[in-house]
Amino acid sequence: MEKSSVSILSNFKFSRIALLLAVGLSATVSSLLFYLAFIKKDDLEEQLQLSRKGDRKSQQVATSRQTVIHVNVPKSAVGVVIGRQGSTIKKVQEQTNTKIKFEEKGLDVEEKVAVIRGSPENAQEAENLLYQLINEQPQILTEDVFVPVRVCGRIIGRNGDTIRSMCRVSGAKITLDRGGDERDPDNQKRVTIRGTRDQIDIAISLIDEKLVEDEAFRQKISLSSSGQTLQHRGRPLSIGAPLEEVNVPLHRELQQELLVPSAADGYTEIYVSAVEDPGSFWVQTVGTKSVQLDKMVEEMTEFYMQQCNQELNQVSEVVVGDTVAAPFEHDHCWYRGIVVDIQEDDYNLDESEVTIHFVDFGDYCKLKRKELCSLLPIYKVLPFQAIECQLAWLQPKGGVWSDEAINLFEQLTHVAQWKVLMAKKVSSLKKQRSQREVTVYVIEVVDTNEPQDINIGLELVQKGYAMVNKNNRS
């Protein structure tokens with residue numbers, strides 16, 4: 001009986017435990033199923049969200065598919081490709097709807113990489129435009145010239161200032177050979193010039209000026225050692241020396257200064273020195289030539305202001321086309337000029353009225369023949385600095401430039417105020433002036449002194465004084 005009771009009790013306890021376990025297991029399974037169902041729902045919603053995002057992303061990729069193109073740009077062409085203040089590269093980007101950035105090509109400093117980003121068609125168009133700009137680069141040449149050892153100091157200058165200035169003005173790279181025997185001042189030294197043809201020509205002209213300075217100095221030393229007295233102090237050549245002793249051709253014709261780009265983007269720094277109208281005005285280039293001109297005018301004035309020198313060099317007769325030394329009525333300085341017209345006085349030829357064009361500034365002046373002096377050969381070395389120009393693509397509204405248009409043009413160009421402007425040659429043409437042929441440059445003029453650049457031709461159009469000449473877009 002006791003054993004049976006124990007057995008029954010044991011079975012009861014086991015059944016109770018089993019029931020409790022079953023209930024617990026049932027609750028656990030239910031909880032697990034509920035949790036799995038909840039997680040599955042969250043996963044499903046998350047997958048749906050990811051799917052929606054994926055659809056939007058795939059649509060975005062499909063609608064903004066880009067191509068990246070790398071263009072190797074030689075260092076010499078980077079300036080042209082970028083343009084002045086980034087104007088060229090901005091124009092390419094706007095035209096092709098692309099983005100272009102430059103990066104270094106590893107350690108090779110001779111090249112940069114233009115990275116183009118945009119649609120395949122646009123990127124390809126931008127690539128073609130960049131290669132076109134690169135291929136239009138002028139050919140880089142190397143030329144050697146030889147100078148006497150004694151001139152090397154003039155070319156190098158103090159601490160190299162002069163040769164650096166030559167490089168900056170010409171745009172060429174100028175290297176002076178450091179080897180060779182320097183004990184004999186007449187030994188020849190090699191000067192290597194690298195750049196475009198125009199840049200090399202400018203560099204050679206600057207070096208020639210140093211040779212002329214040296215020749216003038218040696219003439220002065222020679223005259224001093226021979227006991228000859230100078231007419232006045234401060235001149236590079238002795239005015240008192242007989243002309244045949246001066247190594248400058250007696251009948252040397254004045255040469256015209258050239259308007260050549262001083263920057264890779266084709267622009268040149270200029271001053272506007274005289275204005276007739278927007279279709280005829282004169283400019284000077286900014287650089288060493290303007291400094292030389294100031295020095296020459298100072299020396300000419302000092303010499304010709306002396307009464308004895310005026311009497312010795314007064315012209316006996318003049319014809320149209322003659323080059324003379326003449327005073328300017330407004331400042332009483334002496335300048336180089338060309339005779340452009342003569343109104344003879346029937347009673348006294350010395351009183352004949354002569355119209356002079358000042359070849360270094362562009363102004364005109366009427367003087368008596370007796371006021372003119374012959375121009376000594378030493379003043380015919382420097383090319384005449386006034387470069388005749390006309391504005392590109394424009395013609396006056398109404399066929400004639402009005403006084404208002406001329407006044408505005410003078411104001412915009414700061415004429416005779418020696419304010420630096422930027423000029424870009426569009427074309428050139430030949431004209432006859434005083435029985436001689438001169439080059440007239442057709443140019444754009446931009447004032448970059450203000451926060452925003454001012455295109456002077458465009459300003460005349462916007463103000464209603466000019467219109468675009470459709471037959472002159474070259």
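The values are calculated or read from the model by the stated rules, or taken from the named source; none is laboratory data. Keep in mind that this is a model prediction, so the values were computed, not measured. Positions of Cβ are generated from backbone atoms using ideal geometry, with glycine treated the same way; all protein chains shown enter the neighbour counts. These area figures cover heavy atoms from the full protein model, side chains too; ligands, DNA and RNA do not enter into them. Shrake-Rupley method; radii C 1.70, N 1.55, O 1.52, S 1.80 Å.
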3J(HN,Hα) from dihedral phi, the stretch 127-134, Karplus parametrisation 6.51/-1.76/1.60, rounded to Hz, x for glycine, proline: 4, 4, 5, 5, 5, 5, 4, 5
If I model a spin label as a point 7 Å beyond the Cα along the Cα-Cβ vector, how far apart are those points for Thr67 and Arg150 in nm? 6.6
So how much accessible area does Leu429 have, in Å² to the nearest 10, using a 1.4 Å probe? 60
Along the stretch 424-436, Karplus-curve 3J(HN,Hα) (6.51, -1.76, 1.60; θ = phi - 60°) to the nearest Hz, with x for Gly and Pro, reads 10, 6, 9, 6, 8, 8, 9, 9, 8, 10, 6, 6, 9
With every protein chain left in place and a probe of 1.4 Å, what is the accessible surface of Ser262, to the nearest 10 Å²? 50
Charges only on Cβ, +1 for Lys and Arg, -1 for Asp and Glu: so what's the dipole of the stretch 288-391 about the Cα centre, in debye to the nearest 20? 440
Using modelled amide H (1.01 Å from N, peptide plane; none on Pro or chain starts), what sits under 5 Å from the amide H of Ala466, excluding residues fewer than 5 places away? Lys397, Val461
What full-extension length gain, to one decimal in nm, is calculated for Cys308 and Met467 as 0.36 nm per residue of separation minus the Cα-Cα distance? 51.8 nm
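Relative to the Cα centre, what is the charge dipole magnitude of the stretch 341-448, using +1 at the beta carbon of each Lys and Arg, -1 at the beta carbon of each Asp and Glu, and rounding to the nearest 20 debye? Can you show the working numbers first?
Values: 13 positive and 17 negative charges, 132 e Å.
That gives the stretch 341-448 a dipole magnitude of about 640 debye.
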Among the trypsin sites (Lys or Arg not before Pro) in the stretch 358-421, which ones are in a DSSP loop with at most 14 other Cβ atoms within 10 Å of the Cβ? Mind listing them? Lys419
Among Cys373, Thr288, Ser352 - extreme Cα towards positive end, dipole of the stretch 273-383, charges at beta-carbon: Thr288
Skipping prolines and chain starts, which residues have an amide H placed within reach, meaning under 5 Å, of the one on Gly362, given they are 5 or more residues away or on another chain? none
Using modelled amide H (1.01 Å from N, peptide plane; none on Pro or chain starts), what sits under 5 Å from the amide H of Lys112, excluding residues fewer than 5 places away? Val73, Lys75
Once phi for every residue in the stretch 378-389 is put through the Karplus expression 6.51 cos²θ - 1.76 cosθ + 1.60 (θ = phi - 60°), the whole-Hz ³J(HN,Hα) values, with Gly and Pro written as x, are 5, 9, 10, 7, 6, x, 5, 8, 7, 9, 6, 9
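Set the Förster radius R0 to 22 Å, insert the Cβ-Cβ distance between Ser87 and Val400 as r into 1/(1 + (r/R0)^6), and round the FRET efficiency to 0.05. Numbers along the way, then the final one.
Numbers: r = 33 Å, r/R0 = 1.52.
Approximately 0.05, to the nearest 0.05.
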Heavy atoms of Ser273 accessible to a 1.4 Å probe, total area in Å² rounded to 10: 10
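Between the DSSP loop rule and a limit of at most 15 other Cβ atoms within 10 Å, which chymotrypsin sites (Phe, Trp or Tyr not before Pro) in the stretch 308-390 are left? Don't skip to the answer; put the middle values down first.
Working: sites: Phe328, Trp334, Tyr335, Tyr347, Phe358, Phe361, Tyr364, Tyr379, Phe384; in loops: Phe328, Tyr347, Phe361.
In loop regions of the stretch 308-390 (DSSP not H, G, I, E or B), the sparsely surrounded chymotrypsin sites (Phe, Trp or Tyr not before Pro) are Tyr347.
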Picking from Ile156, Val81, Leu141, whose Cα lies most toward the positive end of the charge dipole for the stretch 77-173 (charges on Cβ: Lys, Arg +1; Asp, Glu -1)? Ile156
What is the distance in Å between the Cα centres of the stretch 129-177 and the stretch 316-363? 39
